[in-house]
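Derivation of every value follows stated rules applied to the coordinates shown; laboratory data play no part. Since we're looking at a predicted model, the values are computed, not measured. Positions of Cβ are backbone-derived with ideal geometry, glycine not excepted, and every protein chain shown enters the neighbour counts.
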Amino acid sequence: MYFIDVQGTLISDEDKSPIKGSIEFIEYLNSKNIPYMVVTNNTKNAPIDFYDYLNSIGFNFSFDKYIDPLLLLESSVDKESVAAYGSEDFLITLKKMGYIFDYKEPKNVLIAIKDDFKADEYAQMIDFLLQGAKLVGMHETSLYVKNNKRYPGVGAILKMLEFATSVKYKVVGKPSKTFYAEALKRLQEQDDTATFENITIISDDVKGDLGGAKELGMKTIFVTSGKYRSADEIIPYLKNELKPDVIQKDMYEILQSLNGADV
């Protein structure tokens, strides 16, 4: 059974095209009736829109095998009085969902990703937090990749704000236990014997996705097709208990290893 990341794992961070072997891997799981969930930290597009995009470029799976933070947001953050920060697409999506923005006395500071946060925005976030607002991250990614440049991910920003204000944060998407628990619940609709211990999660975010998954008992496969150019950039600096169980270049290599196991 699998949880499968999207950006940097199934599709390229550079042009959002399928990564080598990724479509074939999904087809392999379908052909073998192996349960899986596509678990993404997408926040730029409405869930159905991003799902439709994945279908349009060749990924053949039903919407009940898809989950992202926006599907859990309404049960995590009240719609009124939110100071939201992220890409323009994210803000538009929030407005369509009925969220009311408040940049004077917000109850929640909600952070997604973008590549051009300004110092004044961080200053505003800090003021709101010190005035009593709650700090919420849409996810806890370590790095954000755009145009071959790597920026601090939402997780890095949350930790910076926590250090600056001593305000603890909560996370809606990966790698929060709430998110993974909901993904597990949906996986159990495919196979009611599913537990964290018999799930393998595949991702390019060895800190933001795989570390939290490993703490819950999942097996982890780290692919170097996304945020990191090689395992040597990050693996030597991880605590032993958070190091991935398997390291592969991409989904093609994982598929090759599975096909070898079938022989």
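Brief remarks on what is shown
- Hydrodynamic radius of the range 143-228 per Kirkwood, over alpha carbon pairs, in Å: 14.3
- Cα long-axis angle, helix 119-130 against the chain (0 to 90 degrees, to the nearest 10): 80
- Between the range 91-121 and the range 1-58, the Cα center-to-center distance that results, in Å: 27
- The ranking of Asp13, Asp120, Asp49 by Cβ neighbour count inside 10 Å, starting from the fewest, reads Asp120, Asp49, Asp13.
- The range 99-157 - share of DSSP beta bridges that are antiparallel (%, nearest 5): 50
- Normalised by the number of residues in the chain, the mean separation of alpha-carbon contacts (under 8 Å, six or more apart) gives a relative contact order of 21 percent.
- Taking Cα centre as origin and charging only the Cβ of basic (Lys, Arg, +1) and acidic (Asp, Glu, -1) residues, the dipole magnitude of the chain rounds to 480 debye.
- The angle between the Cα long axis of helix 47-56 and the longest principal axis of the Cα atoms of the chain comes to about 40 degrees, rounded to the nearest 10.
- Anisotropy class of the range 77-171 from Cα gyration tensor, a/c 1.5 cut: oblate
- In the chain the Cα-Cα distances spread across 5 Å bins starting at 0 as 1, 6, 13, 18, 19, 17, 12, 8, 4, 2, 1, 0, 0 percent of all pairs.
- The relative contact order of the range 1-86 comes to 29 percent, based on Cα pairs under 8 Å that sit 6 or more residues apart.
- Calculated FRET value between Asp232 and Met160, using beta carbons and R₀ = 35 Å, to 0.05: 0.85
- Shape of the range 200-247, Cα gyration tensor, a/c cut at 1.5: oblate
- C-alpha long axis of helix 177-187 to longest principal axis of the chain, angle in °: 40
- Residues whose amide H lies under 5 Å from that of Asp102, counting only those 5 or more places away or on a different chain, are Val82, Ala83, Ala84; hydrogens are built 1.01 Å from N in the peptide plane.
- Summing Lys and Arg as +1 and Asp and Glu as -1 over all other residues whose Cβ lies under 11 Å from the Cβ of Gly211 gives a net charge of 0.
- Here the range 16-56 is scanned for amide nitrogen atoms under 19 Å from the site 7 Å beyond the Cα of Lys95 along Cα-to-Cβ, giving 43-47, 49.
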